[in-house]
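Here's the structure we're looking at; comments come further down.
Computed from the coordinates by the stated procedures, all read-outs in this text should not be read as laboratory data. All of these numbers come straight from a predicted model, not from anything done at the bench. For neighbour counting, all protein chains shown are included, and Cβ atoms are generated from backbone atoms with ideal geometry for every residue, glycine included.
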Amino acid sequence: MEPVPAHWSPRPAETAVAILAGLVVLLLAVLAEPAGRLLLGVAALGLLALGAADLVLGPRLTADRTGVQVRTLASRHRLPWSAIERVEVDEHTRYGLTSRTLELEAGELFVVLGKRTLGADPRDVADALARIRYTAA
């Protein structure tokens, strides 16, 4: 049985690695020649922005008996279970690598969350959401 409310967010270790890698790349940018400085600077800013977003946004997905809350960079949505039309895991294999995402659809809102964003396998999250939704009914 899932603890209610349940929440999913990026793993702290992955966030720390992104921030640390961003700082290392930033240091390398300072030491590089001008062309490399630009490329390394952009990469460092991307990694640091990723880590900062993980820290600021907190749990990306929270579920309880009343519904779910989804947080993205642009918005925060609180959706009752009755508004959620579809919860599915989309799976694609390309070049021998399998990619899975969790898809939530509620009217005009369509949210796609990956393994890194959730900090867990999207299949496990979909199963947990189904159990929570079932107990709410």
* To the nearest 10 degrees, how steeply does helix 12-31 sit against the main Cα axis of the chain, on a 0 to 90 scale? -> 20 degrees
* **For region 12-56, alpha-carbon Rg and Dmax in angstrom** => 10.7, 34
* Given springs between every Cα pair under 10 Å in a Gaussian network model of the chain, which of GLY46, GLY22, GLY96 has the largest fluctuation? -> GLY96
* Pulled fully out, how much extra length does the chain show between ARG11 and LEU97, if you take 0.36 nm times their separation in residues and subtract their Cα-Cα distance? -> 28.8 nm
* Structure fact -> Amide H neighbours of ALA32 at under 5 Å, excluding residues fewer than 5 places away on the same chain, with H built from the backbone geometry, are none
* Measure nothing but the geometry: give the 0 to 90° angle between the long axis through the Cα atoms of 34-57 and the longest principal axis through the Cα atoms of the chain, rounded to 10°. => 30 degrees
* Taking springs between alpha-carbon atoms closer than 10 angstrom, which of GLU105, GLU33, GLU14 fluctuates most in the Gaussian network model of the chain? -> GLU33
* Could you give the angle, 0 to 90 degrees to the nearest 10, between helix 122-136's Cα long axis and the longest principal axis of the Cα atoms of the chain? -> 30 degrees
* Given the options ALA52, ALA63, ALA32, state which has the largest fluctuation in a GNM of the chain using a 10 Å cut-off (strictly under) for Cα springs. => ALA32
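Efficiency by 1/(1 + (r/R0)^6): what FRET value for ARG116 and LEU28, r their Cβ-Cβ distance, R0 = 25 Å, to the nearest 0.05?
After rounding to 0.05, the efficiency reads 0.60.
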* At a Förster distance of 25 Å, what's the computed FRET efficiency of LEU39 paired with GLU88, Cβ-Cβ distance as r, to 0.05? -> 0.10
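Given the DSSP H assignment, sum -39500 (n - 2.57) over each helix run of at least 4 residues in the chain and divide by its residue total; what's the result at 222 nm in deg cm²/dmol, nearest 500?
On the way: 4 runs with 63 residues, N = 137.
The helix contribution divided over the chain gives -15000 deg cm²/dmol.
Evaluate the charge dipole of the chain about its Cα centre and quote only its size in Debye, nearest 20, assuming +1 on the Cβ of each Lys and Arg and -1 on the Cβ of each Asp and Glu. Spell out each step's value before the answer.
Details: 15 positive and 15 negative charges, 47 e Å.
Taking the Cα centre of the chain as origin, the dipole is about 220 debye.
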